[in-house]
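Student: So that we are looking at the same thing, I have put the structure below in structure tokens.
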Amino acid sequence: MSTHSKGVAFEREVARAFEDAGFEVRGLESGGDHFIVGRDGMAMHGESKRHERMRLPEWLKQQERDCPAGMRRFLVFRQSRQPAYVVEPLAQFVEREARLAVAQFICACGYDRAELES
């Protein structure tokens with residue numbers, strides 16, 4: 001399988017993983033870019049890279065340049081016979097984890113979302 005074919009297959013694999021989790025995925029004109037929308041309407045810009053040689057600084061600069069202003073962004077990469085990994089800005093990761101912790105606390109306490117919004 002050619003390098004290009006491996007890259008395209010990985011892009012499809014990443015898109016399918018998000019779709020299986022309930023996200024809407026739209027491919028963008030640039031190879032490897034995806035615009036992803038969650039059930040809550042949150043939009044994200046994803047970049048996929050399938051290479052043997054890791055060039056994270058270069059990929060992160062490309063990702064930052066290609067991502068629309070104010071949109072959450074992430075990079076997914078993988079080498080042969082290795083698991084895929086996700087890289088995202090630290091502030092974005094911490095913000096998401098904080099929101100998840102609050103949601104888990106609310107569920108653990110038995111609150112209904114409607115109660116909290118009133």
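The values are calculated or read from the model by the stated rules, or taken from the named source; none is laboratory data. Keep in mind that this is a model prediction, so the values were computed, not measured. Every residue, glycine as well, gets a Cβ built from its backbone with ideal geometry; the counts of neighbours run over all protein chains shown.
Student: Answer with yes or no whether Gly110 is over 27 Å from Thr3 (Cα atoms), modelled with pLDDT of 85 or more and assigned to a loop (DSSP other than H, G, I, E, B). Can you show your working first?
Tutor: Values: over 27 Å from Thr3 (Cα atoms): yes; modelled with pLDDT of 85 or more: no; assigned to a loop (DSSP other than H, G, I, E, B): yes.
For Gly110, the condition - over 27 Å from Thr3 (Cα atoms), modelled with pLDDT of 85 or more and assigned to a loop (DSSP other than H, G, I, E, B) - is not met.
Residue-wise test of (1) surrounded by 12 or more Cβ atoms within 10 Å (Cβ to Cβ); (2) at pLDDT 85 or above; (3) part of a loop (DSSP other than H, G, I, E, B); (4) basic (Lys, Arg).
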site: Arg16; (1), (2), (3), (4): no, yes, no, yes
site: Glu19; (1), (2), (3), (4): yes, yes, no, no
site: Phe35; (1), (2), (3), (4): yes, no, no, no
site: Gly41; (1), (2), (3), (4): no, no, yes, no
site: Met44; (1), (2), (3), (4): yes, yes, no, no
site: Lys49; (1), (2), (3), (4): yes, yes, no, yes
site: Arg53; (1), (2), (3), (4): no, yes, yes, yes
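Student: Of the residues Arg73, Arg78, only one is in contact with a Cys (Cβ under 9 Å, 6 or more places away or on another chain) and surrounded by 14 or more Cβ atoms within 10 Å (Cβ to Cβ); which?
Tutor: Answer to the check: Arg73.
Student: A follow-up question, please. Of all residues in region 81-105, how many are in contact (Cβ under 8 Å) with a residue 12 or more places away in the chain and either surrounded by fewer than 13 Cβ atoms within 10 Å (Cβ to Cβ) or touching a His at 6+ places or on another chain (Cβ under 6 Å) (or both)? Steps first, answer last, please.
Tutor: Residues of region 81-105 in contact (Cβ under 8 Å) with a residue 12 or more places away in the chain: 84, 86-89, 92.
Still in the list and also either surrounded by fewer than 13 Cβ atoms within 10 Å (Cβ to Cβ) or touching a His at 6+ places or on another chain (Cβ under 6 Å) (or both): 86.
The number of residues fulfilling the criteria is 1.
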